[in-house]
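A short worksheet on the structure shown next.
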Number of protein chains: 2
Amino acid sequence: METLKLRKICIDTYRENVAYLHRDCPVYRSEGFQALSKIEIHKADDGTPVIAVLNVVDDENILAPDELGLSEQAFTQLDLADGTGVQVAHARPPASLQAVHRKIAGERLTLDEYRGITRDIKGNRYSRIEIAAFLVSCTETGMERDEVLSLTRAMVETGKRLDWSEPLVVDKHCIGGIPGNRTSMLIVPIVAAHGMLIPKTSSRAITSPAGTADTMGVLAHVELSPDQLHNIVRRERACLAWGGKARLAPVDDILIAVERPLSLDSPGQMVASILAKKIAAGSTHLLIDIPVGPTAKVRSRSAALRLRKLFEYTGDHLGLQLEVVITDGRQPIGRGIGPVLEARDVMQVLNNHPDAPADLREKTLQLAGRILEFDPDMRGGQGYVIARDILDSGRALAKMEALIEAQGENPGRPTPGKLQQPVLASASGMITDIDNLQMAHIARLAGAPMDPGAGVDLHRKLDEQVKQGDHLYTIHAEFPADFHFACEAAAAASGYRVETTGPTGE
Amino acid sequence: METLKLRKICIDTYRENVAYLHRDCPVYRSEGFQALSKIEIHKADDGTPVIAVLNVVDDENILAPDELGLSEQAFTQLDLADGTGVQVAHARPPASLQAVHRKIAGERLTLDEYRGITRDIKGNRYSRIEIAAFLVSCTETGMERDEVLSLTRAMVETGKRLDWSEPLVVDKHCIGGIPGNRTSMLIVPIVAAHGMLIPKTSSRAITSPAGTADTMGVLAHVELSPDQLHNIVRRERACLAWGGKARLAPVDDILIAVERPLSLDSPGQMVASILAKKIAAGSTHLLIDIPVGPTAKVRSRSAALRLRKLFEYTGDHLGLQLEVVITDGRQPIGRGIGPVLEARDVMQVLNNHPDAPADLREKTLQLAGRILEFDPDMRGGQGYVIARDILDSGRALAKMEALIEAQGENPGRPTPGKLQQPVLASASGMITDIDNLQMAHIARLAGAPMDPGAGVDLHRKLDEQVKQGDHLYTIHAEFPADFHFACEAAAAASGYRVETTGPTGE
């Protein structure tokens, strides 16, 4: 086989390995490669080959005919110096792809087959279209609950697993979709103030106006090294950090990179994804929040119950103590949507401020109470009261301040966006609907989460009476273009429905 | 919106549009793009935007921060000069993707929904993972026969359609998988000698050792312009050309580019793909050949019958006269596997040479006879005899010579590969199995179809008695490395099974 000179091509192809060959490369011609062929790149010492999808280059300024180019991620994976001699060949399809074809044909796969699939995905032997094929074959109709269990188990096995060496490591997770739903930033200090271990890592927003990591980032540093994170958790019993660096359940990260652009959101994948990450993070007890509402991810109570059973089945078989709470997802939680505005809500609740949004406080206490009852010494039903005591007494605020100090306070704390536009009620009547999706959309257009001060501040919530011209909410932005887009979108569809009541009050 | 300078990046990403932005590009930062985001590129005059998947560049030698790079296909599609000002934005997901999600959920789609999907695919609004999702959702379990009909109809509508202005335009198609099965090169001259119009276009091999276009290419030019093709067909009533330039049923070409690497081969997709192409090519009457055998694409007679019914249902509803013939696919047809060796077989049959392979001749006459009976003036059952007369009388040979001359004879006709290695029977007995897949694999390793003289020449076929040491077949190659790989593969598994009979003859 002919040897080619390795060359790093400084192109970020995200989670897909791409290799580049010049069209006049002798190997490209003799092997009958085509653009988008999958090829294996072998080191001289015959280690595990790296698999990549081929792009063909027609420009010697990018790549010479005797070179093999690799995109950034693939180059890092191969871990050889520029100029090293490497050999390439057609990649054999990964062995586990046969199981994917059986899944496509509607068959049920075994644990060993899911193990094979996750191993090959972790080894970057799947192209993105193969991952898409696997994910589609595993949609609601396609995956039995024991398969969800197998996939979860296999995903846990293919990653690292943290061990906190304590019998009770708690966590909470919301399946998402509700703007402003920042309960984690309140539950963590309450639960940690009680002494429970709650090492909470969160994601940044991808399609929403803010993730917990974005909102916490307004107050403190959230990008912690594994060592920093470990030390803070040991000292404070908690953290509120970004989980992106942990690389737990790496297969899940790869699957999500295909799931997201496809908007695939099957219950089986969701349960496997969430539970694999939590188990890998060392959690022993987990509270899951499933909001239900017409514009939430889960739209009916019966769908929520099915999802709860799937969480319970999978968690039980993996030794995870799991509570699933179905909550009201008919509207955003709190007032602020966007990092700065949400952080304001959170701090108002912690400060027992008179303007603190009551719904955020109440939901927090409900969920925190359920988590506190994971404590075997706590009497059933007492969690809520104890959570309230911790919050009202200021102990939760003190714990939050300690966490902010431990993680490093954000020196230049941002403020709400200076460009402001109120959105008014077009009629008098009762607010009967607030569209979660539209509110999130307007907040993102305004610049959230990239501009932390951007977003939407709600002044009215469901079931309130308004008069024509009352302020429903205010749009905040930092930049005129974003501001303009957000105001335009709100003018086209405010996201609120106000139902006028007739003169007889009917 | 910020304007970027367009730049062609000379990278061939095949059928996926790729856009490149520098990591320091202000738009990349402000819009919150990620690598693999789908973006829309707008011309200043506000025509149809081009959709592309984003790669992020970290090297100013490839792309400057104020530029937008496009891969070759995307650049051609946008059709603007280097340096033109363009604007980019997040691409909205194609509207028809909602139908794909409904298909994934197991629902049945309407003709209008298939129309929306094919229009968006033709408009390059689908990424490759979205196409993969669509294809997987349409597998055997997922597609009703009226949906196959809708998809076929929608694919025909999205492309050009040839009109030969004759009531009888015949074609034939084999679903593939059988090495050496070059009946088209015999059927076309026979049928055209009878006066029927048979404008046959074929593909080159992608995963097989030879396509009809590769084998015909040994004898004559096959890359004809639409005008050349038209003139030849008008004069000779036939052609044997490569169909790659026709761009009929363009959606099918895009789907196949994802189907192939995924090895997806669902009956519904296959039927829609074949029939859409044939209808677009102006065929009125079509013969389909379904070979059945343990190493053929279709492995059981019942599967072949199901496939036949699906062909018939779809063809009937689209006004295509269709005959489906189920044939013996237990072994390769003829002796040669690889372009030159297959062309030799074809010419031997046309010349009524005593060494001509009898099975190729016989299968040709069976199929040609069925096609001749599409002629309303022909008595049922007489096709075979008339086909034999045309072949035996030399009229088929004369027509083939006329076609070769019309298309342009290949001046440097290649010969069988000079490197030769016989493969011997390891025991005495009867040949009970010849593995189509292994024989194709060995021929490809030897260099077919890239080196037209490379391949395998079979000396023995099924049910023949051999003695230990008899030559089963000969490997031909042009280059030592290929030759070595092919011989090694044949040594590991010859592809033949010889069953020894005991001394009592049991």
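In segment B:131-174, which residues have a backbone nitrogen under 17 Å from the label point lying 7 Å from B:Lys309's Cα in the Cα-to-Cβ direction? From segment B:131-174, the list is B:140-149. Shielding by partners for peptide A:120-129, expressed as the average number of C-beta atoms from other protein chains within 10 Å of each residue's C-beta, is 3.
Once each part is reduced to its C-alpha centroid, what is the distance from segment B:354-384 to segment A:303-375 in angstrom? Centre-to-centre distance over Cα atoms comes out at 75 Å.
Only Lys, Arg, Asp and Glu carry charge here, each on its Cβ (+1 for the first two, -1 for the last two); on that basis chain A has a dipole of about 800 debye about its Cα centre. Among rounded, prolate and oblate, which fits the protein assembly as shown when a ≥ b ≥ c are the square roots of the eigenvalues of its C-alpha gyration tensor, a/c under 1.5 means rounded, and a/b larger than b/c means prolate? Prolate shape, in that a/c is at least 1.5 and a/b is the bigger ratio.
Prolate is the label for segment A:1-155, because the ratio a/c of its alpha-carbon gyration tensor axes (a ≥ b ≥ c) is 1.5 or higher and a/b is greater than b/c. Pull out a ≥ b ≥ c, the square roots of the eigenvalues of the alpha-carbon gyration tensor of segment B:288-378, then state rounded if a/c is under 1.5, prolate if not and a/b is larger than b/c, and oblate in the remaining case. It is oblate, given that a/c is not under 1.5 and a/b is not larger than b/c. Where only DSSP H runs of four or more residues are counted, the protein assembly as shown gives -12000 deg cm²/dmol as its mean residue ellipticity at 222 nm, each run worth -39500 (n - 2.57). Peptide packing for B:317-327, A:420-430, B:396-406 was compared via the average number of neighbouring C-beta atoms within 10 Å per residue; ordered from the highest value, the list is B:396-406, B:317-327, A:420-430.
Ordering A:Pro294, A:Ala241, A:Ser266 by the projection of their Cα atoms onto the charge dipole of segment A:233-321, which places +1 on the Cβ of Lys and Arg and -1 on the Cβ of Asp and Glu, puts A:Ala241 at the extreme positive end. Between A:Asp82 and B:Thr207, the C-beta separation translates, for a Förster distance of 45 Å, into a calculated FRET efficiency of about 0.85.
For segment A:291-386, a simple Cβ point-charge model (Lys and Arg +1, Asp and Glu -1, everything else neutral) yields a dipole of about 480 debye relative to the Cα centre. Peptide B:68-81 has a mean of 1 when you count, residue by residue, the C-beta atoms of other protein chains within 10 Å of its C-beta. Remark: mean inter-chain Cβ contacts per residue of A:7-17 equal 6, using a 10 Å Cβ-Cβ cutoff to other protein chain atoms.
Taking packing as the residue-averaged number of other Cβ atoms within 10 angstrom, the listed peptides B:126-134, A:65-73, A:458-466, B:256-264 run from highest to lowest as B:126-134, A:65-73, B:256-264, A:458-466.
Judged by the mean number of other Cβ atoms found within 10 Å, the most tightly packed of the peptides A:352-361, A:5-14, A:190-199, A:445-454 leads the ranking A:445-454, A:190-199, A:5-14, A:352-361.
Treating r as the C-beta distance of A:His471 and A:Ala105 and R0 as 45 Å, the FRET efficiency rounds to 0.20. Between the C-alpha center of segment B:406-484 and that of segment B:87-116 there is a gap of 47 Å. Modelled spin-label separation between A:Glu2 and A:Arg379, with each label point placed 7 Å from Cα along the Cα-to-Cβ direction: 8.1 nm. Counting only Cβ charges, +1 for Lys and Arg and -1 for Asp and Glu, the dipole size of segment A:194-266 around its Cα centre is about 280 debye.
With 23 Å as the limit, the listed pairs B:Lys297/B:Lys399; B:Lys172/B:Lys297; B:Lys172/B:Lys363; A:Lys43/A:Lys122; A:Lys160/A:Lys200 have B:Lys297/B:Lys399 beyond it between alpha carbons.
FYI, it's all coordinate maths here, none of it is from the lab. These numbers come from a predicted model, not from an experiment. Virtual Cβ from ideal backbone geometry, glycine too; neighbours counted across all protein chains shown.
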